[in-house]
Amino acid sequence: MTGTVAVLGANGFIGCRTVELLHLSGWAEVRPIVRRPSAFASLSRFAIDGRVADAHNVPALTAALLGCQSVVHAVAGDSRTIVDAVEPVYLAAAAAGVVRLVYLSSASVHGQSPLPGTDETSALHDGQTVEYNNAKVRAERRLGELSRDGAVQVVVLRPGIVFGPRSSWTGGFANDLLDGSAYLVDGGHGICNSAYVDNVVHAIKLAIEVPEAAGRTYLVGDRERISWADLCRPIAEALGFDLAAISVSAPLSFAPNWTQWLRDGDLYRRLVRSLPRPVRSGLKVGYAEWRKSGLDQRPPMAPKIKVSEERALLHRCRVKLPSAKAERELGYQPVVGFEEACRRSVAWLTFAGYPTARSQVGER
Amino acid sequence: MSAQIETVQRQPARLRQGEPVRLVLAGCGAVTKLYYAEALSRLQGRGQIAVAAIFDPEAKSAAVVQARLPGAKVAASFDGLLAVGADVAIIASPPRYHLDQSMQALRAGMHVLCEKPMATSSSDADLILAVAAANNLHVATGLVRRQFPATRSIKAMVEGGLIGKIQGVCCFEGGPFQWPVASTSYFSRAESGGGVLQDIGTHCLDLLTWWFGEPHEIHYADDAMGGVEANCLVRLGFGGFEATVRLSRDWARPNLYRLEGERGSISWAVNETELVEIALKGCRTAATASFTNTDDRSRDFVDAFCDQISDLVDTVRNGTLLSGSATAGRNVLKRIEECYARRKRLDMPWLGAEDFRHVIASAETRQ
């Protein structure tokens, strides 16, 4: 038993599996922390002591973290949320007497197509064309500045493309296939720096328990060198699609994504935050219903494939990022091989109701 | 709660034609803010009802709803709400209050419309029914989907044999949970009676038994490991066919009910109030048909809540047959209890062997 581990952003894909694995294995007492009560819907499968606290609210977060020895920071969100959540979380962890904070960054800090020879020592910059990368770079920097006071030990993990049950790379790709918007740039022959979610959770455990990890940063991923086509093929096959039919070429230039620009804008965020909480919740539910009904009623038509710059860079990546430092210093070895990871992911698609070849959910 | 059946002292005043039915509402949470407030406002605007008072322990929530229902007093307590005096009480509080508040309203001489689930157990629902019967009062349950022209049309089409003998039914409903609940108690078995089955399963199982009658066989599995289920699988055996129901709180799928018959199929998208897709074998085209109620007016989701309230109001005023009767609410609770009693573990294929060993060794013993 490794004391009590708080998981911030516990309702997200990685956070949820972290809670599940740590709890079921008995490896630690887990305390999921989420921003709103409704986020406990999936976590309530377990009898776990969860808390509601906003990652920007230091007093509420401090109270939620009291008694925890470690914190796993898996808060997801837009670029601003990623950066803004760092300081309150660190201050709350310090105030609550937390010993170690494991921050889930991303291999994307090196860009979607990193240069050969990239590793943890490679210089980072926040002038990249993908805003998510810049946000992660700034978040890491801010955490580095904060941790100089020594109040909390910080370990930064940079996983690659984290896939598995409930991930956008698995369920999201299946959705894209079914609605006709899936694509692979240049046949998906580029290298996918995959990290099956259970391997990432294994790295999180090591980051919590290895004393020498304090203050260090680690790239983590699967052992195998696989392509994007390798990652997507099992999903396509399970759903009866041919990968060759969804290969596209990337455009020569990319227009700015206005919806992302709007979401990241100060005006939009201020407007949303100025609304009373019930109104925000109501709008969210209403929007989801409206969007769903719009999608359901839309007449079938040939979808327009819009290749994103991020996806184009990812699909043409030529570098397999190393996990050598994590192996050497943490003793990290992926616990689930790629083939088994794909089997479990496809089995989850069946569980989640996708029309796979084995569309029958079972029981034990 | 005493099981003794009591006869109320105060009988409801006889309603005069043309006068609005007086109504009070308990609970100003999500379902009221999203649906009941607007529905009551529409009915009040039509002169059918008058909302005399509302109550919620959270003063802010009550104030938000009162702003939509000018003229309604805000009661400081549930007793204070009943003291205002009314013909009908709507109970839209969290499920753990449904039994006590329904009983108190009935004892105060009011007819009751209780949001689903009617109670957290069928035995509690029986208590409510017995008190209502002993006092000649009506109790309706918030099984709002029965008000949709689409679901009514499906019932008529099934009974009329449009797609012939039913051969199989498949329902898949769910998605990331976004209902704006006020606290985590919504996910407590003690306070809500269960998880996704008790929540959206109430609607689903009610529709299936409304369309096809009572099932003669039930199989059930879910993913609860010490808490309440977020995913479940129900198999219901009806005469000659099986209905498979998959409910989820964590992943969005097409949200579709599909009825396969020997002569065709009917598909209904969850919460679609008017549209139904019909495909008949031997025909080259599948059609999407739009249905309205007998008054020919189109119906949105709030209209369904209006119809649900009007249903009870009409019954109180004119003695018409109550379509969302509490007996249906009680019966669906019984089906849910039968599911939980037959519970098996849902196969969760992403869990490794070690995970499962721990599930078997510890988590399930905490159920």
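Would you mind finding the one in A:Ala41, A:Ala60, A:Ala47 that is within 14 Å of chain B (Cβ to nearest Cβ) and surrounded by fewer than 21 Cβ atoms within 10 Å (Cβ to Cβ)? Full working, then the answer.
Working: A:Ala41 fails: surrounded by fewer than 21 Cβ atoms within 10 Å (Cβ to Cβ); A:Ala60 fails: within 14 Å of chain B (Cβ to nearest Cβ).
Selected residue: A:Ala47, the only one of A:Ala41, A:Ala60, A:Ala47 that is within 14 Å of chain B (Cβ to nearest Cβ) and surrounded by fewer than 21 Cβ atoms within 10 Å (Cβ to Cβ).
Do we find that B:Ser267 is among the hydroxyl-bearing types (Ser, Thr, Tyr), surrounded by fewer than 18 Cβ atoms within 10 Å (Cβ to Cβ) and touching an Asp or Glu at 6+ places or on another chain (Cβ under 8 Å) in this structure?
In short, no.
With respect to B:Leu333, is the statement that it is of a type in the set (A, V, I, L, M), at pLDDT below 90 and crowded, with 20+ Cβ neighbours inside 10 Å true? Talk me through it step by step, then tell me what you get.
Values: of a type in the set (A, V, I, L, M): yes; at pLDDT below 90: no; crowded, with 20+ Cβ neighbours inside 10 Å: yes.
Against the criterion (of a type in the set (A, V, I, L, M), at pLDDT below 90 and crowded, with 20+ Cβ neighbours inside 10 Å), B:Leu333 does not qualify.
Which residue pairs have Cβ atoms under 7 Å apart, sit 6 or more places apart or on different chains, and have a first residue in the range B:271-285 that is within 16 Å of B:Leu207 (Cβ to Cβ) and a second that is open to solvent by 40 Å² or more (accessible area, probe 1.4 Å) and assigned to a loop (DSSP other than H, G, I, E, B)?
B:Thr273/B:Asp300; B:Glu274/B:Phe291; B:Glu274/B:Thr292; B:Glu274/B:Ser298; B:Val276/B:Phe291
Within the range B:320-353, take every residue that is in contact (Cβ under 8 Å) with a residue 60 or more places away in the chain and among the hydroxyl-bearing types (Ser, Thr, Tyr) and give me the one that is farthest from A:Leu21 (Cα to Cα).
Of everything passing the filter in the range B:320-353, B:Ser323 is farthest from A:Leu21 (Cα to Cα).
Which ones in the range A:148-193 are over 23 Å from the mean Cα position of the chain (by Cα) and crowded, with 21+ Cβ neighbours inside 10 Å?
Residue satisfying the conditions is A:Val152 alone.
Would you check if B:Gly239 is open to solvent by 40 Å² or more (accessible area, probe 1.4 Å), over 27 Å from A:Gly171 (Cβ atoms) and out of contact with any Phe, Trp or Tyr (no Cβ under 7 Å at 6 or more places or on another chain)?
Working: open to solvent by 40 Å² or more (accessible area, probe 1.4 Å): yes; over 27 Å from A:Gly171 (Cβ atoms): yes; out of contact with any Phe, Trp or Tyr (no Cβ under 7 Å at 6 or more places or on another chain): yes.
Considered against the rule, which asks whether it is open to solvent by 40 Å² or more (accessible area, probe 1.4 Å), over 27 Å from A:Gly171 (Cβ atoms) and out of contact with any Phe, Trp or Tyr (no Cβ under 7 Å at 6 or more places or on another chain), B:Gly239 comes out as yes.
In this structure, is B:Arg258 open to solvent by 10 Å² or more (accessible area, probe 1.4 Å), more than 10 Å from every other protein chain (Cβ to nearest Cβ) and within 30 Å of A:Leu43 (Cα to Cα)?
Numbers: open to solvent by 10 Å² or more (accessible area, probe 1.4 Å): yes; more than 10 Å from every other protein chain (Cβ to nearest Cβ): yes; within 30 Å of A:Leu43 (Cα to Cα): yes.
Considered against the rule, which asks whether it is open to solvent by 10 Å² or more (accessible area, probe 1.4 Å), more than 10 Å from every other protein chain (Cβ to nearest Cβ) and within 30 Å of A:Leu43 (Cα to Cα), B:Arg258 comes out as yes.
Restricting to helices (runs of 4 or more DSSP H) lying wholly in the range B:35-103: which have 1 or more residues that are acidic (Asp, Glu)?
Numbers: elements: B:37-45, B:59-68, B:78-83.
Those helices (runs of 4 or more DSSP H) span B:37-45, B:78-83.
Condition check: closer than 15 Å to B:Glu337 by Cα, open to solvent by 10 Å² or more (accessible area, probe 1.4 Å) and without any contact (Cβ under 8 Å) to a residue 24 or more places away in the chain. Does B:His216 satisfy that? Show your work before the answer.
On the way: closer than 15 Å to B:Glu337 by Cα: yes; open to solvent by 10 Å² or more (accessible area, probe 1.4 Å): yes; without any contact (Cβ under 8 Å) to a residue 24 or more places away in the chain: yes.
Criteria met by B:His216.
Do we have A:Ala214 as touching a residue at least 40 places away in the same chain (Cβ under 8 Å), surrounded by fewer than 18 Cβ atoms within 10 Å (Cβ to Cβ) and of a type in the set (A, V, I, L, M, F, W, C) here?
In short, yes.
Name the helices (runs of 4 or more DSSP H) wholly inside the range A:260-362 in which the number of residues that are at pLDDT 60 or above is 3 or more. Give the steps one after another, and end with the answer.
Numbers: elements: A:266-274, A:277-297, A:309-315, A:324-330, A:338-351.
Because the criterion is at least 3 residues that are at pLDDT 60 or above, the helices (runs of 4 or more DSSP H) in the range A:260-362 that meet it are A:266-274, A:309-315, A:324-330, A:338-351.
Looking only at the range A:71-90, count how many residues are assigned to a helix (DSSP H, G or I) and in contact (Cβ under 8 Å) with a residue 40 or more places away in the chain. First the steps, then the outcome.
So the first thing to find is which residues in the range A:71-90 are assigned to a helix (DSSP H, G or I), and the list is A:79-84, A:86-90.
After this cut, where a residue has to be in contact (Cβ under 8 Å) with a residue 40 or more places away in the chain as well, the list is A:79-80, A:82-83, A:86-87, A:89-90.
Of the residues in that region, 8 qualify.
Would you pick out the residues in the range A:12-38 that are touching a Lys or Arg at 6+ places or on another chain (Cβ under 8 Å) and open to solvent by 30 Å² or more (accessible area, probe 1.4 Å)?
Those that are touching a Lys or Arg at 6+ places or on another chain (Cβ under 8 Å) and open to solvent by 30 Å² or more (accessible area, probe 1.4 Å): A:Phe13, A:Trp27.
The values are calculated or read from the model by the stated rules, or taken from the named source; none is laboratory data. Only a predicted model underlies this, so the values are computations on that prediction, with no experimental measurement involved. Cβ sites come from the backbone with ideal geometry, for glycine too, and all protein chains shown count toward neighbours. Just so you know, the surface numbers come from the protein's heavy atoms only, side chains and all, with ligands and any DNA or RNA stripped out. Shrake-Rupley method; radii C 1.70, N 1.55, O 1.52, S 1.80 Å.
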